[in-house]
1. Say we look at the stretch 107-145 and pick out the residues that are surrounded by 14 or more Cβ atoms within 10 Å (Cβ to Cβ) and free of Cβ contacts under 8 Å to residues at least 24 places away in the same chain; which of these is farthest from ALA76 (Cα to Cα)?
2. For a quick check of your reading of the model, give me the residue pairs whose first member lies in the stretch 502-520 and is in the same structural domain as PRO570 (by TED's automatic domain parsing), whose second is of a type in the set (Phe, Trp, Tyr), with beta-carbon atoms closer than 7 Å and at least 6 apart or on different chains.
3. Identify the residue in the stretch 115-129 that is out of contact with any Cys (no Cβ under 8 Å at 6 or more places or on another chain) and modelled with pLDDT of 80 or more and, among all such residues, is nearest to PRO99 (Cα to Cα).
4. Look at ALA70 and say whether it is modelled with pLDDT of 95 or more, within 19 Å of ASN181 (Cβ to Cβ), outside the structural domain of ASN441 (by TED's automatic domain parsing) and aliphatic (A, V, I, L, M).
5. In the stretch 29-48, what residues are at pLDDT 95 or above, in a loop (DSSP other than H, G, I, E, B) and among the aliphatic types (A, V, I, L, M)?
6. Please enumerate the residues belonging to the stretch 542-561 that are surrounded by 22 or more Cβ atoms within 10 Å (Cβ to Cβ) and within 15 Å of HIS412 (Cα to Cα).
7. Given the options LEU244, LEU236, LEU270, name the one that is among the aliphatic types (A, V, I, L, M), closer than 30 Å to THR506 by Cβ, in contact with a Ser or Thr (Cβ under 9 Å, 6 or more places away or on another chain) and not in a loop (DSSP other than H, G, I, E, B).
8. So if I check each of ALA158, ALA152, which one is in a loop (DSSP other than H, G, I, E, B) and not β-branched (Val, Ile, Thr)?
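The values are calculated or read from the model by the stated rules, or taken from the named source; none is laboratory data. These numbers were taken from a predicted model, which means no experiment stands behind them. Reconstructed Cβ throughout: ideal geometry from the backbone, glycine too, with neighbour counts over all protein chains shown.
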Amino acid sequence: MTTSIEKPRTAWATQNWNLFAASLLIATWKKLGVHSFFVSPGYRNAPLIAALQMHDDLTIVSCFDERAAAYQALGAAKASQKPSVLMCTSGTAGANYLPALAEANTDQVPLIVVTADRPFELVHAAAQQVIDQRQLFGRFVKQSFDFPAPDAHLQERAWIGYSRDLFALAMAAPEGPVHMNLPFHTPLDPVAVADGPSADRVRQAMQALEVLPGASELSQATELSDAAAQYLRDTLRQSQRGFLVIGRLARDSDRRAALLLQRQLGWPCLVDIGSGLKGRCEHEILDVGHPRMAALLAAYAPDMVVHVGRRLVSRHFDDFLKTANPPVYWVFSSQEGAQDPMHLPQRMQSTASLSSLLIALRVEESQSSAAHDALMARTEALRHDLQEVRSPLFGFADVAQTLNGLLPRMGHGLFLGNSLAIRAFDSWLFHPGRLPRIEANRGVSGIEGLLATTMGLARASEEMWTLVIGDISLLHDLNSVVGLKSLASPVIVVLVNNGGGRIFETLPIAAHAWVKDPLISTPHELQFAGIAQMADIPYTLCRDAAELGAAYERALKAGQSCLIECWQSPDADKQYLQLLREV
C-alpha cells in the first residue's frame with residue numbers, strides 16, 4: 001500500500017528506492033561541482049525529476065525538446081568547463097541527444113547523460129515506449145554504464161563510486177560525454193512504500209559522501225619528452241622562415257600561452273576566428289583562400305610550421321600544406337588522432353599543454369628576416385586593397401564588418417553559426433577589432449542546435465550573447481526560439497536570411513545547378529517575423545548595413561533577447577567573393 005506525500009524539506013528522498021537512488025546520483029554530482037541539469041518531460045524519469053526538485057541551489061532547465069536540451073547542455077558545459085547533466089524518459093527521447101553528443105565527443109566537451117529506462121523484463125516484451133537503450137550512443141560517448149533498477153539490494157557506496165567515475169571520465173583528457181542508462185520499476189511517483197530505505201541506509205550514504213574527495217584537476221596533458229623538446233629547440237634555432245598557425249582554443253590559459261608564443265617567435269601567423277586571438281597577434285596574414293595571399297605564402301616557403309590548437313575553420317591552409325610540404329611540421333593539440341587531413345609524413349603531433357610547450361622551448365626573441373619582412377609588407381598591401389572592396393548587395397560580409405565595430409568587448413559573447421556565418425568573420429574581417437569571447441560548434445560543424453547552444457552559454461556564463469546564424473540553421477532550431485524570453489541573460493539573434501543554403505553557391509557544385517537546386521541549396525521564401533511574434537520577443541527587419549547597425553545598438557541598449565532579421569539577396573555573398581578574387 002502506498003501513501004501520497006508532500007514535497008520533502010530535505011535533499012534526501014527515502015520514500016522509495018527509486019527516489020533514494022536518484023538522490024544518491026544528484027548528491028554525488030553536486031558535491032563534485034555539477035550545478036546545471038537539463039530535464040525533458042516524461043514519466044519514467046519522474047524519480048530523477050522529484051529528486052532534483054528538492055534542491056533550491058541547482059540550475060534546473062526544463063526543455064520539451066531533447067535535441068535542443070542536449071545543445072543547451074553543451075553550451076553550458078562550454079561556458080563552465082564542467083559537465084552538465086541531461087535527463088530524459090525512455091524510448092526515442094534519448095535518441096534525440098545524439099547530434100549534440102557527436103559534437104561534444106568530437107569537440108571534447110564534458111556531459112553526463114542519464115536515460116531513464118523500462119526494467120529489463122519489459123525491453124523485449126512489446127511494452128509501450130521501449131527500445132533497447134544499452135550502448136544507445138555507441139562510439140559517441142566515452143563510456144556507457146548500464147545501472148540496475150534500484151531496489152533494497154542497492155549498495156550506496158557502489159552507486160556513489162560509479163557516479164563519481166562517470167564524472168571523472170567526462171573530465172579526463174580528452175573530455176567528452178558519458179552515459180548512464182537507468183531503469184526504474186514502479187512506483188515512479190514520490191510515494192512512500194512500506195519497505196523503503198531506512199534511516200540507517202541514509203546515514204551510510206551521507207557518510208560515504210562526506211569522505212568523497214571533491215573534484216580535482218583530472219585532465220592532465222601529456223608532456224613533451226626531453227628528446228622531443230630538444231629536437232624542437234634545435235629545429236627552431238635552424239629555422240629561417242618559420243610560420244605559426246593558431247587554431248581553435250577553448251581555455252583562457254591556452255590563449256595566453258599562444259599569444260606569448262607568437263610574440264616570442266615573432267613569426268608570421270595565421271589566426272583562426274575560433275582561437276579568440278584574431279586581431280590581437282602581431283604579423284597576422286590573411287586567409288590563404290585568396291589567390292594573392294596563397295601566392296605570397298608560397299613565395300615565403302616556410303621551412304617550419306608549428307600549429308597550436310584545434311583544426312581551422314578554413315580548409316585552404318590544409319590545401320597549402322599539401323603543396324608547400326614544409327620539412328618540419330609540428331601540431332600541438334588536444335585532438336585525439338591525427339589532426340592532419342593531408343597526412344604529411346613529417347608531421348609530429350603532441351597533446352602537450354601550451355604552457356608546458358613554452359617552458360620546454362625556452363624561446364628567445366626572434367629576429368625578423370628579409371623573407372618575413374617582404375611577406376608582411378605585401379600582406380598589408382593586400383589587406384588594404386581588400387578592405388576597399390564594396391559590394392552593392394547587402395551580404396554576410398556587411399554583417400561581420402558592422403558587428404565588428406559594435407560588439408562589446410567585455411561581459412558579452414559571440415556565437416558564430418556554421419557555413420557562411422563563421423567564414424565571414426574568419427575570412428572577411430580584414431581589420432578585426434578586439435572581439436569578445438567567441439564560440440562555435442566546430443566539432444562536427446553541424447547546423448542544428450546552434451541557438452540552443454548559445455542559450456546554454458548564456459545561462460552558464462550569466463552574460464549577454466550575440467548569435468549570428470543563417471536561415472536554414474535557425475529553421476533547424478525553431479523549438480528553441482520560444483525559450484528566449486525566459487532567459488535571464490539575453491541572446492541577440494542576428495539572422496541572415498538569404499533564402500537557402502548559399503554556401504553552396506561558392507563551392508564547385510554551383511556549376512551543376514541541376515544537382516544543386518533545390519535538394520542541396522534548399523531555397524525558400526520564408527520570413528521570420530511570425531516566429532518572433534509567436535515567441536513574444538522584439539523583432540526588426542534590416543535590408544542594409546546601416547539598418548543593422550542601428551537595430552543592433554538598440555538591442556544592446558534594451559538588454560533583452562530579440563531577433564534581428566537581415567534580408568539579403570541569394571547572390572550577395574557569391575558576388576562579394578568574386579569581387580575579392582578580382583583584387
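1. By that ranking, first place goes to LEU122.
2. ALA510/PHE504; LYS516/PHE504; ILE520/PHE504
3. Out of the qualifying residues, it is ASP117.
4. yes
5. VAL34
6. TYR552, ALA555, SER561 - these are the residues of the stretch 542-561 that are surrounded by 22 or more Cβ atoms within 10 Å (Cβ to Cβ) and within 15 Å of HIS412 (Cα to Cα).
7. Numbers: LEU244 fails: in contact with a Ser or Thr (Cβ under 9 Å, 6 or more places away or on another chain); LEU236 fails: closer than 30 Å to THR506 by Cβ.
When all the criteria are applied, what remains is LEU270.
8. Numbers: ALA158 fails: in a loop (DSSP other than H, G, I, E, B).
That would be ALA152, the only listed residue that is in a loop (DSSP other than H, G, I, E, B) and not β-branched (Val, Ile, Thr).
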